[in-house]
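Single-structure report; data block below.
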């Protein structure tokens, strides 16, 4: 994984907020060091999740699982399209936390 640079706009915002009179060389070095350590911590966390098999989640992943389950249950193509269409709308209307709470309180 390559190191993603800290967005310059955020760096400038931090400098303006915490150093309103400008930054000197020592403060620049401090900010550079913090940025480097944050990037290393992010990378370590990303690698750690990869070790344990956690993968990126997306709506498309959820759709794929739903399609595979319906295919295994021999749903008709029309039914699968209907469910996927409904899922698109739900993704737009319901937050991840709401969906999780709904699943956790369901009988399924």
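Here, each number is a calculation from the coordinates, and none is a lab measurement. Given the structure is predicted, the values throughout are model-derived calculations rather than measurements.
Values computed for the structure shown
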item	result
Range of Cα positions in region 59-105 per principal axis (Å), largest first	30, 19, 17
q = 0.17, 0.18 Å⁻¹, the chain: log10 I(q)/I(0) [Debye, one scatterer per Cα]	-0.94, -0.99
